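What follows is a set of notes on a single structure, which appears directly below.
The values are calculated or read from the model by the stated rules, or taken from the named source; none is laboratory data. Not measured: the values here are computed from a predicted model. Here the Cβ is made from the backbone with ideal geometry for all residues, glycine too, and neighbour counts use every protein chain on show. Side chains are part of the model used for accessible areas, which takes the heavy atoms of the whole protein and leaves out ligands, DNA and RNA. Shrake-Rupley method; radii C 1.70, N 1.55, O 1.52, S 1.80 Å.
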Amino acid sequence: MLLYNTKTRKKEEFIPLEEGKLKLYACGPTVYNYFHIGNARAFLFFDVVRRYFEYLGYEVSYVQNITDIDDKIIEQAIAENTDFKTIADKYSEAFLEDTDALGIKRPHFQPRATEVMPQIIALIHDLQQKGFAYEVEGDVYFDTAALPEYGSLSGKQIEDQKAGARVAENIQKKHPADFTLWKKSKPGEPVWDSPWGEGRPGWHTECVVMSQHHLGQSFDIHGGGIDLVFPHHENENAQALALSGKPLARYWMHNGFLNMEGEKMSKSLDNFITARDILKQYDAEAIRFFFLSKHYRSPIDFNRELIIESDKAVDNFYKALAGIGMDSLDENPVSSPEILAHEESFQDSMNDDFNTAKAIATLFELANITRSANNELPLRQDAAKMLLKLGRTLGFFKDPEKRLTEEIPDLSKALVEMMLNYRNDARERKDWALADKIRNDLLALGIEIKDSPEGSTWNMRK
Ligand code: AMP
Ligand code: ZN
């Protein structure tokens, strides 16, 4: 399997540290608000990485942290007139609800920064003992000049930093690139006791502690969005290198941005849509399809038409399954060579740095074989089984039985009822042209209206 490693800027053969096992860490949310669909892109992609390794038979340990103490959480607590813990709990809960709704499998471990404070303090202390950290009046900084490899992940030269840095940035630091390990608290902020006085940790240290706690000193893959390469991941890696001489992870994978009219979707630009809101409008699998139909490293522009197209494509998969009848699929493994060849090409695509767009093309082919009445039934059944298996590997088909039997979603129902009311108003006004137009337009969508003396009813045309 080839993976693009941000560290080397090349596709590299994936070799696990321990055979048959994958140790994966991806940076999770800072829980101060509902997460947006840009964040969802990152969460969905690493869900697919995890699923694919599981499909290949790996024993996967997937860790995703929850950052539950941060400046932004404190600011939000002030805005909502409450304490930081209430905010962190509220939005952690919302994070779990929304990732569940997106069909993201819960990671094996979801540690929270505030649960590992003693380990964080011990790590910073250790860095200080080894000569990689210095304290200035209750703040502790990482001494980047003490680590020759600093910059090796992002390719940034420490000198670049100096040239670009603003003079007034922080007079306490020895070097502009030095980053905070421990931050003295301001009055009224949450605090933890430490050898440097009361304060709280920096974000970069939290992730090192939480990943190493579950996965060991060095693990296979570290992931996140491309914005995290520098400084966050550089700084995480620097601490690991300083402590043990070993990099934190062997492969560093980063997803591209979800953009809004060419600009990164982000809270600070206020150009975001929350996952929670988008899920009120579109099906979770349509969102997943929308992201996976592009390569994970390419930027994607948010596009409603494409999400609607994606919804149709997913629906097409379901229709193929409905056509064959899910209950006609037995437990026997797929035996048709033609279908097994499709599985191979799916793997070839995924093994080429997670080319999900190409892998999805294989799903289309399988759906077509399933649907084609010209094919023998056993072939069609094998195609359906493979469609289910590979589709699930990408996170589709969460509950096909339910989806295939369920009626049209509530929002659509409400909209049909609304159109019916408008049509009734038109009929009362004897505006027959409009009444007919509404009827015909609904019919074009497969919705049939029946008029009777008791009123009008509607149903989906079979
Ligand atoms: P945050 O809560 O901002 O730390 O982000 C959580 C995850 O979402 C990180 O992996 C980020 O890199 C990723 N992320 C943030 N914004 C975007 C975006 N617009 N597109 C893709 N990934 C993003
Ligand atoms: Zn992180």
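A compact table of results
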| quantity | calculated |
| --- | --- |
| Extent along principal axes [Cα atoms of the chain; Å; largest to smallest] | 84, 60, 37 |
| With all protein chains modelled, accessible area of residue 117 [1.4 Å, Å²] | 10 Å² |
| Rounded to the nearest 20 debye, dipole of region 2-275 from Cβ charges on Lys, Arg, Asp, Glu | 660 debye |
| Shape call, region 2-275: gyration tensor on alpha carbons, a/c limit 1.5 | rounded |
| Flagged links, alpha-carbon separation over 19 Å, of 10/264; 11/358; 105/398 | 10/264 |
| Point-charge dipole on Cβ atoms (K/R +1, D/E -1) for region 304-399, about Cα centre, debye to 20 | 280 debye |
| Solvent-accessible heavy-atom area per residue, rounded to whole Å², over region 304-448 at 1.4 Å | 56 Å² |
| For residue 93, solvent-accessible area (1.4 Å; no DNA, RNA or ligand), Å² | 110 Å² |
| The chain, dipole about Cα centre (Lys/Arg Cβ +1, Asp/Glu Cβ -1), debye to the nearest 20 | 560 debye |
| Global geometry of region 413-460, whether rounded, prolate or oblate, following the gyration tensor of its Cα atoms and the 1.5 cut on a/c | prolate |
| Region 43-129: relative contact order as a whole-number percent, Cα under 8 Å and 6+ apart | 38 percent |
| In Hz, Karplus ³J(HN,Hα) per residue of region 258-273 (6.51, -1.76, 1.60; θ = phi - 60°; x = Gly, Pro) | 8, 9, 10, 6, x, 10, 3, 5, 7, 5, 5, 7, 6, 10, 10, 10 |
| Rounded percent of accessible protein surface that carbon and sulfur make up, the chain, 1.4 Å probe | 50 percent |
| Surface accessible to a 1.4 Å probe, per residue, for the residues of region 36-103, Å² | 35 Å² |
| Sparsely packed trypsin sites (Lys or Arg not before Pro) within region 212-295, loop by DSSP, other Cβ within 10 Å at most 10 | none |
| Rounded, prolate or oblate (a/c below 1.5 giving rounded, otherwise prolate when a/b exceeds b/c) for region 223-276 by Cα gyration tensor | prolate |
| The chain, helix-only ellipticity at 222 nm - DSSP H runs n ≥ 4, -39,500 (n - 2.57), divided by all residues, nearest 500 | -14500 deg cm²/dmol |
| Dipole-positive endmost among 34, 15, 340 within the chain (Cβ charges, Cα centre) | 340 |
| Mean-position separation - Cα centroids, region 5-24 and region 40-84, in angstrom | 21 Å |
